[in-house]
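First comes the structure, then the notes that go with it.
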Amino acid sequence: MEGNIYNQNSFASESGMIERVREIPELRGAVQIQRISKGYSKDHKFKIMLPDQGNVLLRIYSYTEMESKRQEIQVLEQLRQMGVLCQIPLGIGRLDDNNGYMILSYLEGEDASEVLPLMSEQQQWDIGMKAGRELKRIHQLPVQKQDESWYTRKSTKHQRYVERYQACPVVMAKDQYILDFIDDHLDWMKGRPDCFQHDDFHPANLVVNQGELSGVIDFNRADQGDPVHEFLKLGLFATEISVPYSIGQVQGYFEGYDPDEEFWNLYSLYTAMALVSSVVWIQNVKPDETDQMMTKIERVREDHDDFRSVIPRWYTVNR
């Protein structure tokens, strides 16, 4: 997860970046800087030890993103006030002509995607329950009303992905079943609530410390839309890591109960849409990982019997 450590006497080994970090007012006196290389973000990330505060997280990004980063800081401040387990904003500013920086509290612990498989099934389910409750709380953050409905925004975006998908050299097996299922059920999105979304909620963005959920990270993709849309990462990513966690996340969101038919209808619709967009995304962003993504997609197809079943097999078989 984390790369080389640069102590205060060896900053020059990080090609100028470390020296610029030292110039940030809030980070003067740092005794240790550790680069974090995991993830798909373009940000430069560092774990920094300060003598008076302990560890903090530094993110360095293109200055063109400053406005969105300021909004992210505001979101985190609001979520903390609501009691959400997330990082505390500690600073934001301009690093140089091309870059800005953000400083956040550092959530001690480990990536949930790495530790969940090492836990008992009961512990995995417990973490999922707590994650589901946190997600429910996150969705309560007020948002501005959009000019277009969620249905209009999502269906338009999906159509763009379909057009790009049809031009892809790699396609899904029996893809017409999936495309037809989506087209036949787009109306399920009409009238759905439009709430705040983390938009990348899965175990790799959760931190576990000593067997407990420590917090939720990476709100940089935050958006708004149907709260059920937030669950589509379960089928593609979370169930591959831990089915008990995935069941727990669903049940935790619904206060310990199973969701109703409307939830599963929408979950399956958004999951089917995600398969289409994932083919496009992986070939454009990480083409060398296309085979891995297609394996995930095949597993989801089987879980839903090519979407003849809206409730995935991972939820029904493991109950």
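The values are calculated or read from the model by the stated rules, or taken from the named source; none is laboratory data. Every value quoted in this text rests on a predicted model; they were computed, and no experiment measured them. So basically every Cβ, Gly included, is an ideal-geometry build from the backbone, and we count neighbours across all protein chains shown. In case anyone asks, the SASA skips ligands and DNA or RNA and just uses the protein heavy atoms, side chains included. Shrake-Rupley method; radii C 1.70, N 1.55, O 1.52, S 1.80 Å.
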Exercise. Assigning unit charges at the beta carbon (Lys, Arg +1; Asp, Glu -1) and nothing else, what dipole magnitude in debye, to the nearest 20, does segment 178-306 show about its Cα centre?
Worked result: 420
Exercise. Round to a whole number: what % of the accessible area of segment 68-121 belongs to carbon and sulfur, probe 1.4 Å?
Worked result: 43
Problem set entry | Cα pair count fraction exceeding 16 Å, expressed as % - segment 198-256 | 47
For this session: Classify segment 101-260 as rounded, prolate or oblate from the Cα gyration tensor: take a ≥ b ≥ c as the square roots of its eigenvalues, call it rounded if a/c is under 1.5, otherwise prolate when a/b beats b/c and oblate if not.
Result: prolate
For this session: With a cut-off of at most 13 other beta carbons within 10 Å, and DSSP calling the residue loop, which trypsin sites (Lys or Arg not before Pro) in segment 162-208 qualify? Please list them.
Result: LYS174, LYS190
Problem set entry | Mean Kyte hydropathy of 0.5 or more with a Cα span along the axis of at least 30 Å, helices from DSSP in the chain | 261-285
Exercise. With the dipole of segment 222-312 worked out from charges on the C-beta (+1 for Lys and Arg, -1 for Asp and Glu) around the Cα centre, which of SER278, SER242, PHE254 lies farthest toward the positive end?
Worked result: SER278
Exercise. Dipole size in debye (nearest 20) for the chain around its Cα centre, Lys and Arg Cβ +1, Asp and Glu Cβ -1?
Worked result: 540
Exercise. On average over all directions, what projected area in square nanometres does segment 62-188 have, based on the convex hull of its Cα atoms?
Worked result: 13.0
Problem set entry | Cα Rg, Dmax, the chain, angstrom units | 20.7, 63
For this session: Within 10 Å, count the other beta carbons around each residue, average over each peptide in 142-149, 87-94, and list them highest first.
Result: 87-94, 142-149
Exercise. Alpha carbon centre of segment 169-184 versus segment 100-129: separation in Å?
Worked result: 34
